[in-house]
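Written below as structure tokens is the structure these notes are about.
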């Protein structure tokens, strides 16, 4: 793939992502959306939640939780269509909680077995050293803390703040914060581990996807 093709692909993905996030925001504050709009809005994040649940150490608990949520959506579908913001709330807060479980459940298995350490080991050309694995364990802690805090903020804004503010946070601000987390982590890693191999954000995401497919 040429540099121009790569640039066009990244631009297309960015535009499509921005359009999807804007669509979600508008759908959230819509008082009576159609069913196809509702299905289109929830499908991508639902797929992400399923992948996160499947790769969780507490796989069956996480999948059971998703199944209960799906059953609740099916039973109360018509009511949810009139209160689509509730569906998006469950989707956002539930995804944050499941990701917190996915990352956090690996923290007690040693530095080299934390989720970020496992993903990093897939990219390293040789055996990892203890300092690198300790650092990636701390990265796993940081991601776990972010997902927990994000879930708490989501609950707080949804129940105690204006719906539009919650929607901005869940649909528009959350992806930005996740992107900043990647950028900040990369900058910190280069600074504290200057003599170790470093990987781009794209390489890290690709490695995580490969880890999910194992």
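The values are calculated or read from the model by the stated rules, or taken from the named source; none is laboratory data. Everything quoted here is computed from the prediction, not taken from an experiment. Please note: Cβ atoms are built from the backbone with ideal geometry, for glycine as well, and neighbour counts cover all protein chains shown.
Just give me the residues in segment 78-108 being assigned to a helix (DSSP H, G or I), over 18 Å from residue 166 (Cβ atoms) and at pLDDT 85 or above, in sequence order. Within segment 78-108, 98, 99, 100, 101, 102, 103, 104, 107, 108 qualify.
Kindly indicate the residue of segment 184-200 that is surrounded by fewer than 14 Cβ atoms within 10 Å (Cβ to Cβ) and touching a helix residue (DSSP H, G or I) at 6+ places or on another chain (Cβ under 7 Å) and also nearest to residue 125 (Cα to Cα) among those meeting that condition.
As a first pass, look at segment 184-200 and keep what is surrounded by fewer than 14 Cβ atoms within 10 Å (Cβ to Cβ): 184, 187, 190-192, 194-195, 197-198, 200.
Adding the requirement that they be touching a helix residue (DSSP H, G or I) at 6+ places or on another chain (Cβ under 7 Å) leaves 192, 198.
Values: 192: 20, 198: 11 Å.
Restricting to residues being surrounded by fewer than 14 Cβ atoms within 10 Å (Cβ to Cβ) and touching a helix residue (DSSP H, G or I) at 6+ places or on another chain (Cβ under 7 Å), the top hit is 198.
Being surrounded by fewer than 17 Cβ atoms within 10 Å (Cβ to Cβ) and either at pLDDT below 65 or in contact with a helix residue (DSSP H, G or I) (Cβ under 7 Å, 6 or more places away or on another chain) (or both) is the filter here, so list the residues in segment 56-68 that pass it. Of everything in segment 56-68, those that are surrounded by fewer than 17 Cβ atoms within 10 Å (Cβ to Cβ) and either at pLDDT below 65 or in contact with a helix residue (DSSP H, G or I) (Cβ under 7 Å, 6 or more places away or on another chain) (or both) turn out to be 58, 59, 63. Each residue in segment 173-206 was checked for being touching a residue at least 60 places away in the same chain (Cβ under 8 Å) and over 15 Å from the mean Cα position of the chain (by Cα), and 5 of them qualify.
Of the residues examined, residue 211 is one that is at pLDDT below 80, surrounded by 12 or more Cβ atoms within 10 Å (Cβ to Cβ) and either assigned to a helix (DSSP H, G or I) or within 14 Å of the chain's Cα centre (by Cα) (or both).
Every test in (1) in a helix (DSSP H, G or I); (2) more than 19 Å from residue 210 (Cα to Cα) is passed by residue 140 save one, and that test is (2). Considering each residue of segment 111-127, count those that are more than 15 Å from the chain's Cα centre (by Cα) and either assigned to a helix (DSSP H, G or I) or crowded, with 19+ Cβ neighbours inside 10 Å (or both), and give that number. Result for segment 111-127: 11. Residue-level check: of (1) in contact with a helix residue (DSSP H, G or I) (Cβ under 7 Å, 6 or more places away or on another chain); (2) at pLDDT 80 or above; (3) more than 30 Å from residue 135 (Cα to Cα), residue 111 misses just (3).
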